[in-house]
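Asker: Pasting a structure here, questions to come.
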Amino acid sequence: MTRPELVRKIRAAVDVEAVAGLTQDLVRIRSENPPGRETEIVGHLRERAPDLGLAATVVETAPGRQNLLLTTGSRPGTPVLLVNGHLDTVPARPDAWRHDPFGGEVADGRIYGRGAADMKGGVAAALTALQVCRSLGLELPCELVFHLVADEELGGAQGTAALVARDLVRADACLDPEPTGLRLCLAERGLMFATVTTNGVPAHGSEPANGRSAIISAAAIAQVLHDNEFPQTPHPLLGRTTCNVGTIRGGSGPNVVPEECRLEIDRRVLPGESRAMAVQGIVDRIASLGLVRGTDYDLRVDTFCEPSEIAPGHPFVGYVADAFAAMTGQEPGTTGLPFTTDARFMRNQLGIPSVVFGPGELAVAHTVDEYVEIDALVAAVGVYAYLFAGFAGTAPMADNAGGSSADTDVEGVPSAR
């Protein structure tokens, strides 16, 4: 089948109702995290697995915290393409929404609901893409594996991190269908959540000069940390790092000079910046105020999620870019994400090349009246199906974006060369 023929067949086989319907089904199953409610949605998808020719395994990492592992089955020498997507969502407060956050309502070409963009639409598109390949009778040149995981929204400890720790993640490449506006995300910031506790000397509120206010110290620290630049080289896709002072709590009453105050900060970090480097940047900035760590204040790192990236010239980036170009006739854009995804586990810990690419806009993720465009879902299905049909695990498919009648015929799949 030539490349143009495959493109035409995939476009004709994409079932709009199938991908929209599955997205709606998933949105209607609540899986908010916290508290973490993935069991019902895992059960729903597990029931669908046989229809797609997928073998299913459920990995429960804590009571009620389930991960669904699906595979088309391995063949000797066959490369493995992993699709990693999370099933949990952030919570929703229904009284703030115009559309039912768990209704999967369709309006103006959009599906509304919590998780529609982040990232139940992407999961639905990837599964529907396999359905397209099955309907065309394509013999995939790869083993296709889906890890549909828990707990991504809160760091992944019960999801991908647990699968990595159990040595259950093995692949030649990974596609993560998070919402990127159908742009190739090649880099993402990491994050460090930390608590800074300032120490003061209590005194009577009528004589503040007799004490040292922990709140005043905390206020000064907030000034030098919040939204200020740290020494760094800007990243071409991510720009500069940021620091947000999100909470401040201190004091026991207006008539007491406060002896303790706590700041919670969100420090985003760039590829190449380690946890130790991020901490040192905070310490150095606070030291400019004359405050001494361990005496005037204490610093505790609560969470650290490392940044990650893939080289723009990596062959797997070429695979995804070529699939997009073939199905749309356009060159894909590239982007970076200001937050972390589970792709970091594959990129950093396992050395698995990973591209984040999916339907939905980042700007509507986690928001009131979150939605995904149905047209974006359809486009994603086509790109994923083309990628699944051509991934050979070696080099990118090298053809012009629109294909040509001179493309070499192969049995069932496009050439990968």
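The values are calculated or read from the model by the stated rules, or taken from the named source; none is laboratory data. All values reported here derive from a predicted model rather than from experimental measurement. Note that we place each Cβ from the backbone using ideal geometry, even for glycine, and neighbour counts take in every protein chain shown. Heads up: the accessible areas ignore ligands, DNA and RNA and are worked out on the full protein's heavy atoms, side chains in. Shrake-Rupley method; radii C 1.70, N 1.55, O 1.52, S 1.80 Å.
Asker: Scan the stretch 187-199 and give yes if some residue there is part of a loop (DSSP other than H, G, I, E, B) and free of Cβ contacts under 8 Å to residues at least 40 places away in the same chain, otherwise no.
Answerer: no
Asker: Condition (residue is open to solvent by 40 Å² or more (accessible area, probe 1.4 Å) and either touching a Lys or Arg at 6+ places or on another chain (Cβ under 9 Å) or of a type outside the set (Phe, Trp, Tyr) (or both)) applied to the stretch 318-327: is it met by at least one residue?
Answerer: No - not one qualifying residue is present in the stretch 318-327.
Asker: Between a residue in the stretch 242-254 that is without any contact (Cβ under 8 Å) to a residue 60 or more places away in the chain and any residue that is of a type in the set (Phe, Trp, Tyr), which pairs come within a Cβ distance under 8 Å, given they are 6 or more apart or on different chains?
Answerer: Partner pairs satisfying both residue conditions: CYS243/PHE230.
Asker: Taking only the stretch 281-317 into account, find how many residues are in a strand (DSSP E or B), touching a Pro at 6+ places or on another chain (Cβ under 8 Å), open to solvent by 50 Å² or more (accessible area, probe 1.4 Å) and of a type outside the set (Asp, Glu).
Answerer: Result for the stretch 281-317: 0.
Asker: Further, regarding this structure: Which of the residues spanning the stretch 366-395 are open to solvent by 10 Å² or more (accessible area, probe 1.4 Å) and among the small types (Gly, Ala, Ser)?
Answerer: ALA376, ALA379, ALA392, GLY393, ALA395
Asker: Still on this model: Go through the stretch 134-176 residue by residue and tally those that are hydroxyl-bearing (Ser, Thr, Tyr) and either open to solvent by 50 Å² or more (accessible area, probe 1.4 Å) or at pLDDT below 95 (or both).
Answerer: 1
Asker: If you don't mind, another one. Looking at the stretch 190-207, which of the residues that are in contact with a strand residue (DSSP E or B) (Cβ under 8 Å, 6 or more places away or on another chain) and hydroxyl-bearing (Ser, Thr, Tyr) is surrounded by the most Cβ atoms within 10 Å (Cβ to Cβ)?
Answerer: Here the residue is THR198.
Asker: Please go through the stretch 70-90 and give me each residue that is in contact with a Ser or Thr (Cβ under 9 Å, 6 or more places away or on another chain) and not hydrophobic (A, V, I, L, M, F, W, C), ordered by number.
Answerer: THR71, PRO79, ASN84, HIS86, ASP88, THR89
Asker: How do the pairs read when you match residues in the stretch 208-224 that are more than 15 Å from LEU299 (Cα to Cα) and buried (at least 18 other Cβ atoms within 10 Å of the Cβ) with residues anywhere that are among the β-branched types (Val, Ile, Thr) and at pLDDT 95 or above, using Cβ under 6 Å and keeping only pairs 6 or more apart or on different chains?
Answerer: Hits for this filter: ARG212/VAL201; SER213/VAL257.
Asker: Out of all the residues in the stretch 14-42, which are open to solvent by 30 Å² or more (accessible area, probe 1.4 Å) and part of a helix (DSSP H, G or I)?
Answerer: VAL16, GLU17, GLN24, ASP25, ARG28, THR39, GLU40
Asker: Go through the stretch 65-81 and give me each residue that's touching a residue at least 12 places away in the same chain (Cβ under 8 Å) and either surrounded by fewer than 22 Cβ atoms within 10 Å (Cβ to Cβ) or part of a loop (DSSP other than H, G, I, E, B) (or both).
Answerer: Passing the criteria: LEU69, THR71, THR72, GLY73, SER74, ARG75, THR78, PRO79, VAL80.
Asker: Moving on. Report yes if GLY113 is at pLDDT 95 or above, open to solvent by less than 10 Å² (accessible area, probe 1.4 Å), under 30 Å from ASP369 (Cβ atoms) and not aliphatic (A, V, I, L, M), otherwise no.
Answerer: Answer is yes for this residue.
Asker: For the stretch 204-258, name all the residues that are charged (D, E, K, R), assigned to a loop (DSSP other than H, G, I, E, B) and under 30 Å from LEU191 (Cβ atoms).
Answerer: Hits for the stretch 204-258 are ASP227, GLU229, ARG240.
Asker: So which pairs qualify, if the first residue must be in the stretch 22-39 and over 23 Å from THR128 (Cβ atoms) and in contact (Cβ under 8 Å) with a residue 40 or more places away in the chain, the second must be open to solvent by 60 Å² or more (accessible area, probe 1.4 Å) and part of a helix (DSSP H, G or I), the Cβ gap must be under 6 Å, and the two must be at least 6 apart or on different chains?
Answerer: Going by the 6 Å Cβ cut-off, the qualifying pairs are ASN33/LEU154.
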